[in-house]
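Worksheet for the structure shown next.
Rule-based calculations on the coordinates, nothing more; no lab input. Computed from a predicted structure; not experimentally measured. Cβ placement follows ideal geometry from the backbone for every residue including glycine, while neighbour counts extend to all protein chains displayed.
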Amino acid sequence: MSLYIEKTTKCSICEKVIDNFKESVLLPYTLPDQNSTFTHFVKSYVHRNCFNNWDKHDDFVQSSFGLGERMIQDGYYENVILYDKYFIIDYKKQEGFYHIIDFYSIFEIKINIEQVKTIYDFFEKGLNGDNTKLEFGNLMFNIKNRDILVTDYDRDKINDEITIPHSRIYDYTVVLKYILQQNE
C-alpha cells in the first residue's frame, strides 16, 4: 500500500517531491509481468503532469486496461455494458448507478442515469467551446483552456483535481450517449 505524505512523497517519474496531494495521482495496477518496466510504478504516486506527459503514458495505460480486460473475463465486474481501450462501464443494477473507469486519465466516477444526462449535456457544451460549469455532490466540472477540470471537494478543501483533455471530451460524449441509448 502506498502512502502519500505531503511535501515528502516523491514522484516515481521525476523523483521530485510532490508538494500537495491534488498534484498527484496514485498509479493503478497493470498486467502482472515480472519483466515489465512498469513494476516500479504500480501503486506509486506521481505528479499528474509527469504522468500526462510521460513517454510511457500510453503503454502504461494499455497495460492497466489489459488488467481491466482480464478482470472482465474473470467476472470481477457485475455487468459491463461497454469497454474499449480507455474505458470500462459497469452497471450496478442493484445500486442503480454506472461505474465509469477511465484508464487514460486515471479517473473513476459513479453516476445514476439522471446524472449521465446532465454530464452528457455539460460535455457537449464543452466540446462546442461553451464556458460553463457543473456541480453535483462533491464534484465540480469546469471548462478551463478548452479542457475539463474535475475537482473533488470535501467541504471547502480540494481533495483531487484532474484534467480531461479537450481531445478526450468527444470520447466521453460517446460513452455517455451510449449509456443514454441503453436506457431508451
Exercise for review: Using R₀ = 25 Å, calculate the FRET efficiency as 1/(1 + (r/R₀)^6) where r is the Cβ-Cβ separation of residue 144 and residue 56; round to 0.05.
Suggested key: 0.45
Practice item. Quote to one decimal, in nm, the extra length available between residue 125 and residue 26 on full extension: 0.36 nm per residue of separation minus the C-alpha distance between them. Key: 32.7 nm
Revision key, fill the gap. Looking only at aspartates and glutamates whose Cα falls under 20 Å of residue 157's and that sit 8 or more positions away or on another chain, we get 6, 19, 23, 108, 135
Practice item. Of the options 27, 96, 112, report the single residue whose Cα projects farthest towards the positive end of the charge dipole of the chain (beta-carbon charges: Lys, Arg +1; Asp, Glu -1). Key: 27
Study note, to complete from the structure: Checking the range 1-66 for chymotrypsin sites (Phe, Trp or Tyr not before Pro) in a loop per DSSP with at most 15 other beta-carbon atoms within 10 Å yields 4, 29
Exercise for review: Rounding to the nearest 20 debye, state how big the charge dipole of the range 1-76 is about its Cα centre with +1 on each Lys and Arg Cβ and -1 on each Asp and Glu Cβ.
Suggested key: 260 debye
Point to revise | Helix-derived mean residue ellipticity, 222 nm - over the chain, DSSP H n ≥ 4, -39500 (n - 2.57), to 500 | key: -9500 deg cm²/dmol
Review point. Using a Gaussian network for the chain with springs between C-alpha atoms less than 10 Å apart, which of these wobbles most: 100, 143, 72?
Key: 72
**Study point:** Listed residue pairs exceeding 26 Å between alpha carbons, taken from 7/125; 22/144; 10/133; 43/110
**Key:** 7/125; 10/133
Revision key, fill the gap. Within the under-12-Å Cβ sphere about residue 95, not counting residue 95, Lys/Arg +1 and Asp/Glu -1 give a net charge of +1
Review point. Across every pair of different alpha-carbon atoms, what Kirkwood hydrodynamic radius in Å does the chain reach?
Key: 17.5 Å
